[in-house]
Amino acid sequence: MLQLPIYLDHNATTPCDPRVVEAMLPYFTNQFGNASSRNHSFGWQAEEAVEYAREQLAKLIGAEPKEIIFASGATEADNLALKGVFDMYSGKGNHIITSVTEHKAVLDTCKHLEKMGAEVTYLPVHADGLIDLKELEAAIKPTTILIAIMYANNEIGVIQPVTEISKIARSHTVLFFTDATQAAGKLHIDVNNDGIDLMAFSAHKMYGPKGVGALYIRRKNPRVKVTAQIDGGGHERGVRSGTLNVPGIVGFGKACELCMQEMEIDNKRIAALRDKLENALLKVEGSHVNGSKQYRLPNVSNISFSYVEGEGLITGFNKDIAVSSGSACTSASLEPSYVLKALGLDDDLARSSVRFSLGRNTTEEEIDYAIEQVSQTVARLKEMNSLKM
């Protein structure tokens with residue numbers, strides 16, 4: 001039986017998998033120790049759990065456990081990567097290359113670094129959301145120390161050519177950092193095959209708990225170093241001080257393990273549901289998909305509905321269907337999505353766009369309901385619009 005409201009906003013956050021919650025529970029109660037307490041069994045148990053989780057994260061992305069640094073989330077990991085590299089490699093240069101469609105955690109950090117003396121190049125994207133590799137290479141200069149391009153976009157799901165980007169970075173001895181918050185757990189990532197030097201990701205985008213994330217930092221070929229941004233205690237090999245969130249880290253590890261086991265089956269089912277939803281909504285006159293349909297995540301469809309007032313579109317069905325008009329981190333703003341504007345959409349069309357992001361628990365019945373409700377809402381709003389004109 002269909003239960004309302006239905007949730008189609010998994011790129012904002014995912015429900016915690018019950019198996020993840022089960023793995024976490026002992027570390028709130030009986031095994032509550034501090035992982036840095038080295039003098040008794042409570043601390044040893046916590047440390048053992050953290051190190052096991054570190055192995056689980058490393059396996060998911062093809063890394064070594066020692067290359068995983070835990071943080072409070074991907075936003076902190078983004079900050080640590082960008083600020084840490086800028087500080088550490090200031091002797092070599094001050095130039096960073098990124099793109100205009102990055103998450104705000106990257107863009108706002110770059111803006112901050114510009115005030116600290118950094119030079120930042122913001123690459124445009126094509127109408128499909130992909131950067132131009134020739135423009136990327138042309139932007140590199142002797143002072144370039146870092147290329148920061150996200151793996152997959154949170155609003156449109158577009159996957160950037162990560163391997164090609166890393167080859168360009170390597171050929172110029174420049175480090176490559178990617179925010180893989182949306183990609184980790186949905187795509188097969190191998191940091192060595194992909195040529196990634198630093199990578200941020202988060203638990204709550206892959207059916208884990210909120211408040212815990214990680215930064216992968218390559219240890220060899222090349223050995224990457226970052227300057228710590230939080231001081232006090234020297235936790236996480238001196239890179240990120242602070243008492244570790246043991247239950248959250250355990251949950252993160254379990255979420256990674258489950259994604260490794262179930263990613264392929266989940267993706268196949270979810271992509272089929274996404275395609276069903278998308279194909280039905282594209283029959284609505286004036287609708288079209290934003291971003292590349294070829295290079296994107298299996299769970300995302302960002303659709304614009306022409307001649308429809310954007311705010312009315314979302315509020316028209318958001319009582320029963322949870323969706324987004326953009327990033328969860330910018331949803332409080334009435335401004336049109338900067339990502340969609342970067343693709344060339346005008347303000348009105350950007351405002352009349354909806355991001356549908358499906359997940360592990362999405363059912364066909366829910367998709368059928370969403371198709372019906374969205375189609376009816378769009379038709380009603382178009383009729384109201386025509387009466388005003």
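What follows is calculated from the coordinates using simple rules that are stated; it is not laboratory data. Nothing here was measured: the structure is a model prediction, and the numbers come from that model. Every residue, glycine as well, gets a Cβ built from its backbone with ideal geometry; the counts of neighbours run over all protein chains shown.
Computed values, structure above
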quantity	calculated
Distance in nm between pseudo-label sites at Met88 and Lys283 (7 Å out along the Cβ direction from Cα)	5.4 nm
The chain - mean residue ellipticity at 222 nm from DSSP helices (-39,500 (n - 2.57) per run, n ≥ 4, rounded to 500)	-12500 deg cm²/dmol
Cα gyration tensor shape for segment 1-131, rounded if a/c is under 1.5, else prolate or oblate	oblate
Within-11-Å neighbourhood charge of Pro298 [Cβ basis; K, R +1; D, E -1]	+2
Segment 162-279 - share of DSSP beta bridges that are antiparallel (%, nearest 5)	55 percent
Relative frequency of Cα-Cα separations exceeding 16 Å in segment 115-182, percent	47 percent
Rel. contact order, % - alpha carbon contacts under 8 angstrom, at least six apart, segment 23-75	20 percent
Share of alpha-carbon pairs per 20 Å distance bin for the chain, given as whole %	28, 55, 17, 0
Estimated dipole of segment 83-168 in Debye, rounded to 20 [Cβ of Lys and Arg +1, of Asp and Glu -1, Cα centre]	300 debye
Taking segment 203-361 and dividing mean pair separation by its residue count, relative contact order in percent (alpha carbons under 8 Å, at least six apart)	19 percent
Estimated distance in nm for a label pair at Tyr295 and Ile265, the labels positioned 7 Å out from Cα along Cα-to-Cβ	3.2 nm
Segment 201-246, Rg to Rh (Cα coordinates; Rh as Kirkwood inverse mean 1/r)	1.03
Asp190-Asp368 pseudo-label distance in nm [points 7 Å out on the Cα-to-Cβ vector]	4.1 nm
Segment 39-98 - convex hull of the alpha-carbon atoms, volume per residue in Å³	132 Å³
Over segment 237-389, equivalent-ellipsoid semi-axes from the Cα gyration tensor in Å	33, 20, 14
Candidate lysines for bridging to Lys167, where Cα separation is under 21 Å - those fewer than 8 sequence places away on the same chain excluded	Lys92, Lys134, Lys141, Lys220, Lys225
Cα-based reach from Lys83 at 12 Å (exclusive), listing aspartates and glutamates while leaving out same-chain residues under 8 positions away	Asp108, Glu114
Cleavage-rule hits (chymotrypsin sites (Phe, Trp or Tyr not before Pro)) in segment 1-73: DSSP loop, at most 16 neighbouring Cβ within 10 angstrom	Phe28, Phe32
Whether segment 87-146 is rounded, prolate or oblate, judged on the alpha carbon gyration tensor where a/c under 1.5 counts as rounded	oblate
Whichever lysines have a C-alpha closer than 25 Å to that of Lys268, once near sequence neighbours (fewer than 8 apart) are set aside	Lys59, Lys186, Lys205, Lys254, Lys276, Lys283, Lys293
Cα gyration tensor category, rounded, prolate or oblate, for segment 1-65 with a/c compared to 1.5	oblate
DSSP bridge pairs, the chain: antiparallel proportion in percent, nearest 5	50 percent
